[in-house]
């Protein structure tokens, strides 16, 4: 069999059960796969991205019966909602496989028959315990409970004792070959901790695997013995070859098989890293390069599942935020191999801080200044200074690092690096103060250079973030006057110098509007956490409300420098201030006029909260709030910094 080459990339998600609609955990796996696929296309590879649904088995039979549906009717309804969700999340899969598709069933039967003829599948009798929820036969060493029953160690549900005629796959014959493959290919299971788990399981001894049922009718019939249906995992795992063309589009199959990476949740790692490679070895097919067992998204430190009632429907978030904030949060918040605990507070913080404040404000104010100071077209920028050149060369270094990080699947680290560069661009603008340069005609060339560098940097960083947030990054490129889309520019040709002087930029729109948690949850009760029981509430010590660190972390506290201070007509207690917060200039209204004269505080640095909802005071919108102590006679005393700090420096 001809192997797929280094010029191709084949990525798969698990195929998802159709016993219920997909939740955020399913979305997570699929978003990872999509980001990898989009990056590999930028890297110049031919990409095949497969996802789909697993539609056979006892679990589906049971769920359909409970709803008064046929298994096929249940599958059709759930598949439609899954496909709608993938479309809403901008998933760019090349093929969506359903295990009820005719070519898949024929391919599975062909491979089954070949293994019967080879002697790796044989008929016998199975006696033991079976977990319907996980479609899995229990190992003999799972202990009995006091009532004489067994509980599945994976899902915790009661199992059924079964005794029936079955076909076995000779898994025991592949123990040594599997261990040898693991030793020779350390990247076969990632992360390394999961490889250790898999190898330990195999070293413990493998027993032959029952792969058919006679009591389950909803499945692929065994060829030449239709009383049996093929065990759902033997059926389902072969979607990775049938979905890539096995037995019905062999040129496609020869191009892309073996798969580059199977993305799976850690709970189904054993099936993919033990049973699946053994099936492939028996069939004489090459093994995939990597099985990546990612972590889970948890709610209240518990794996999401319908039975626990703690699943999170992505559609709730999509209706408010659209796809990109969801994609960004899931890939930024945790490394792929680790578990993460989903909270709306953490999600809203990422949206408001990272997306709205850091990226959104950078794009908006840069393009607004270009339109205000140069009628939307930068002309005749001055020569680069060392600082300007550093912004350009830093992008080149960043691009090289991002290539390696995306290629290795470290997307959260890649996003950290991109956001560090966003911080550097914001600091560059704050340090050069283009809004002050605009007042001096003699500095027009320098002003043009600063805004040109910032726009070029925005173009570059939005390209690097494109695999994660394709829709928003395409919009940014449109604002910058790009005729192409980021996905059309190869990684090798993407450079800082691609933004040319004289290009006209458009009017930016708000990409990531700030959202208050209470407004979001108040608008959709389905997303809200459970209300506390009567008599409970915030923990108090004395008369002080105790808050959590997550609640504190939601406050965006920064160093701000006062640029301008003036009295407000008709008011004796308040001053109007213009402050530099690092990413932009904000106006504030503060009750400090009885303590400070305007001329005494210009140029001083203090602490402000920048993500507080704006308020209108004396007809003036106050867009931030300063921190001050209040004396016994109700005078405000501001804790000014005693040394120079850049505006925008975080306060924690």
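Each of 152, 131 has some number of other Cβ atoms within 10 Å of its Cβ, and from fewest to most they run 152, 131.
With both labels modelled 7 Å from their Cα along Cα-to-Cβ, the residue 87 to residue 507 distance reads 3.1 nm.
Using the beta-carbon distance between residue 569 and residue 379 and R0 = 56 Å, what value does 1/(1 + (r/R0)^6) give for FRET efficiency, to the nearest 0.05?
On the way: r = 41 Å, r/R0 = 0.72.
In this case the efficiency is close to 0.85.
Length gained on full extension, residue 114 to residue 94, computed as 0.36 nm times the residue gap minus the Cα-Cα distance: 4.3 nm.
Looking only at the chain, where both bridge partners belong to it, what percent of the DSSP beta bridges are antiparallel (to the nearest 5)? If you can, show how the numbers build up before the last one.
Details: 49 of 72 bridges.
Looking only at bridges with both residues in the chain, the antiparallel portion is about 70 percent.
Axis of helix 24-42 versus longest Cα principal axis of the chain: the two differ by about 80°, to the nearest ten degrees. Note down the relative contact order for the chain as a percent, whole number, built from C-alpha pairs under 8 angstrom at least six residues apart. About 12 percent, as a whole number.
Computed on the chain, the Cα convex hull volume stands at 201 Å³ per residue. Each of residue 298 and residue 368 was given a label point 7 Å from its Cα along the Cα-to-Cβ line. The distance between the two points is 4.2 nm. The relative contact order of the stretch 555-637 comes to 30 percent, based on Cα pairs under 8 Å that sit 6 or more residues apart.
With 0.36 nm allotted per residue and the present C-alpha distance subtracted, the residue 427-residue 196 stretch has 78.7 nm of extension available. If R0 equals 22 Å, the separation of the Cβ atoms of residue 594 and residue 618 corresponds to a calculated FRET efficiency of about 0.90. Here each label is just a point 7 Å from Cα along the line to Cβ, and for residue 318 and residue 8 those points are 3.1 nm apart.
Express in whole angstrom the spacing between the alpha-carbon centres of the stretch 394-470 and the stretch 64-125. After rounding, the separation between the Cα centres reads 45 Å.
Taking other Cβ within 10 Å of each residue's Cβ, how do 320, 220, 21 sort, fewest first? Show your work: numbers first, answer last.
On the way: 320 16, 220 25, 21 19.
Sorted ascending by nearby Cβ count, the order is 320, 21, 220.
The stretch 248-301 and the stretch 176-223 have Cα centres spaced 11 Å apart. Here the gap between residue 163 and residue 500, fully extended at 0.36 nm per residue and compared with their Cα-Cα distance, gives a gain of 114.0 nm.
Rounded to the nearest 5, what % of the DSSP beta bridges within the stretch 8-320 are antiparallel ones? Spell out each step's value before the answer.
Working: 21 of 42 bridges.
Once the DSSP bridges in the stretch 8-320 are tallied, antiparallel ones form about 50 percent.
Rule-based calculations on the coordinates, nothing more; no lab input. Since the structure is predicted, the reported quantities are computational estimates derived from the model, not experimental observations. Cβ atoms come from the backbone with ideal geometry, glycine included; neighbour counts cover every protein chain shown.
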